[in-house]
Ligand SMILES: Cc1cc2nc3c(=O)[nH]c(=O)nc-3n(C[C@H](O)[C@H](O)[C@H](O)COP(=O)(O)OP(=O)(O)OC[C@H]3O[C@@H](n4cnc5c(N)ncnc54)[C@H](O)[C@@H]3O)c2cc1C
């Protein structure tokens with residue numbers, strides 16, 4: 001049976017981006033329909049958060065320290081050379097490590113409590129946006145609206161429709177990861193007490209070690225260089241895990257909770273992020289690489305920008321203007337480009353050895369790096385960021401603009 005309903009804004013995707021946009025627009029008083037093909041709670045990778053998401057969580061009414069492990073900062077370790085450096089997050093905002101199935105469900109339920117109408121297990125199949133309005137077709141019905149938001153994550157329905165997805169080849173190629181319940185040892189006690197993400201450099205790429213509540217650990221291998229042809233999946237993961245003294249130390253006596261999972265082809269940029277009566281946010285606008293834990297932050301930040309701009313458009317009667325998001329999109333690009341350059345340098349110019357391990361000797365540079373790692377990407381006086389953008393701007397343009 002077909003249903004036909006009219007809304008102010010129709011949002012596809014109820015991950016962090018979709019639920020953030022939905023809640024903010026509902027707070028402004030609009031009638032919102034939020035559609036997701038899946039059902040919360042659902043598994044999602046991406047557990048390490050950045051401090052600059054906290055002010056957005058505050059707007060949503062989410063107290064993110066509740067039920068989550070406090071994250072003290074990010075530590076980069078080269079086990080071969082014994083070098084390590086720690087970037088503490090001690091600014092105005094603090095951050096956490098979250099179990100995404102639980103946290104995303106909280107964001108979803110919070111959206112509903114703000115009056116958002118939500119349909120789960122309903123897949124958006126077609127979207128038509130023109131000067132008169134928006135029509136969204138799903139596998140269960142058809143809806144009309146004044147505006148459409150694509151928050152479908154890596155499904156990126158608008159990007160695929162417009163064929164505007166640009167793959168980024170220099171970043172991580174694929175990731176293999178597992179979840180464990182760790183034994184109670186001095187090493188694990190210290191890990192959970194500090195709550196840091198640990199980034200362990202390997203010859204193929206790097207491992208993340210993310211401590212979660214209830215003594216659990218998310219551990220992933222991100223591969224950027226060509227892996228040995230005879231090693232695949234769990235064998236590849238185990239081979240490199242066995243070479244890491246730190247991984248072996250943490251996993252001593254651990255119980256495997258979920259066997260190896262994989263994600264591939266995650267580095268891309270959507271060149272067409274907005275148009276007449278639509279905008280993309282979160283991974284639907286682009287995703288770089290997990291190394292600096294920026295995905296969730298960009299998801300909620302872009303959702304906030306898009307929601308505030310749609311509100312402005314409605315107020316000013318400019319909602320059908322093709323350039324409604326141009327200004328905020330430029331702001332987004334500055335942050336996205338900065339993070340792209342940091343990640344590109346991480347893989348291609350040995351950023352950790354050449355700069356991170358040296359940063360303890362220069363307090364200003366260290367603080368500027370911490371600001372960027374925290375998601376504070378729009379300060380005018382960050383000279384490290386300025387250097388990054390001016391020195392590599394041409395190269396970046398070729399890749400992502
Ligand atoms: C290996 C890996 C590790 C990562 N680690 C981190 C990390 O530590 N920290 C971090 O911040 N980020 C991390 N990320 C990135 C982070 O997970 C994402 O950036 C974040 O989830 C993006 O949120 P989103 O709302 O845009 O998309 P999603 O969370 O993917 O949500 C999209 C939603 O859209 C729904 N959907 C899709 N298609 C349709 C459709 N046609 N109709 C209806 N619904 C649809 C999906 O069911 C889903 O619920 C990682 C990513 C990868 C690949």
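If you take just the strands (runs of 3 or more DSSP E) that sit entirely in region 1-88, which of them hold at least 3 residues that are crowded, with 23+ Cβ neighbours inside 10 Å?
4-12, 32-35
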- Note on the structure: Expected output for region 107-125 (first residue free of Cβ contacts under 8 Å to residues at least 40 places away in the same chain and within 22 Å of residue 27 (Cβ to Cβ), partner within 14 Å of the ligand (Cβ to nearest atom) and not in a helix (DSSP H, G or I), Cβ below 6 Å, 6+ apart or cross-chain) is 112/118
- Answer yes or no as to whether residue 61 is more than 23 Å from residue 217 (Cα to Cα) and without any contact (Cβ under 8 Å) to a residue 60 or more places away in the chain. yes
- Query: Can you name every residue in region 169-192 that is out of contact with any helix residue (DSSP H, G or I) (no Cβ under 6 Å at 6 or more places or on another chain), within 25 Å of residue 218 (Cα to Cα) and part of a loop (DSSP other than H, G, I, E, B)?
  - Reply: 172, 173, 183, 184, 185
- Of all the residues that make up region 241-271, how many are under 19 Å from the mean Cα position of the chain (by Cα), more than 11 Å from the ligand (Cβ to nearest atom) and surrounded by fewer than 19 Cβ atoms within 10 Å (Cβ to Cβ)? 1
- Pick from 66, 75: which is closer than 30 Å to residue 196 by Cα, more than 12 Å from the ligand (Cβ to nearest atom) and without any contact (Cβ under 8 Å) to a residue 60 or more places away in the chain? 66
- Message: So if I check each of 111, 131, which one is within 15 Å of the ligand (Cβ to nearest atom) and modelled with pLDDT of 95 or more?
- Response: 111
- Message: Within region 360-374, take every residue that is assigned to a helix (DSSP H, G or I) and touching a strand residue (DSSP E or B) at 6+ places or on another chain (Cβ under 8 Å) and give me the one that is surrounded by the fewest Cβ atoms within 10 Å (Cβ to Cβ).
- Response: 360
- Task: Among the candidates 308, 323, single out the residue that is farther than 30 Å from residue 222 by Cβ and in contact (Cβ under 8 Å) with a residue 60 or more places away in the chain.
- Result: 308
- Only one of 113, 101 is more than 30 Å from residue 358 (Cα to Cα), under 17 Å from the mean Cα position of the chain (by Cα) and exposed (fewer than 15 other Cβ atoms within 10 Å of the Cβ), namely 101
- What number of residues within region 375-401 satisfy the criterion of being at pLDDT 95 or above and touching a strand residue (DSSP E or B) at 6+ places or on another chain (Cβ under 7 Å)? 0
- Note on the structure: Counted residues in region 197-216 being in a strand (DSSP E or B) and farther than 18 Å from residue 50 by Cα come to 6
- Could you tell me whether region 132-146 includes any residue that is surrounded by 15 or more Cβ atoms within 10 Å (Cβ to Cβ), closer than 30 Å to residue 227 by Cα and in contact with a strand residue (DSSP E or B) (Cβ under 9 Å, 6 or more places away or on another chain)? no
- Which condition number in (1) under 29 Å from residue 18 (Cα atoms); (2) surrounded by fewer than 21 Cβ atoms within 10 Å (Cβ to Cβ); (3) modelled with pLDDT under 95; (4) within 16 Å of the ligand (Cβ to nearest atom) is the one that residue 166 fails? (4)
- Message: Suppose the filter is at pLDDT 95 or above and touching a strand residue (DSSP E or B) at 6+ places or on another chain (Cβ under 6 Å); does residue 17 pass it?
- Response: no
- more than 24 Å from residue 92 (Cβ to Cβ), at pLDDT below 95, touching a strand residue (DSSP E or B) at 6+ places or on another chain (Cβ under 7 Å) and surrounded by 13 or more Cβ atoms within 10 Å (Cβ to Cβ), is that true of residue 357? yes
- Task: Could you grab me the full set of residues in region 174-194 that are more than 17 Å from residue 251 (Cβ to Cβ) and crowded, with 20+ Cβ neighbours inside 10 Å?
- Result: 175
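The values are calculated or read from the model by the stated rules, or taken from the named source; none is laboratory data. Since the model is a prediction, treat every value here as computed from it, not as a measurement. FYI the Cβ positions are ideal-geometry reconstructions off the backbone, even for glycines, and counts take in every protein chain you see.
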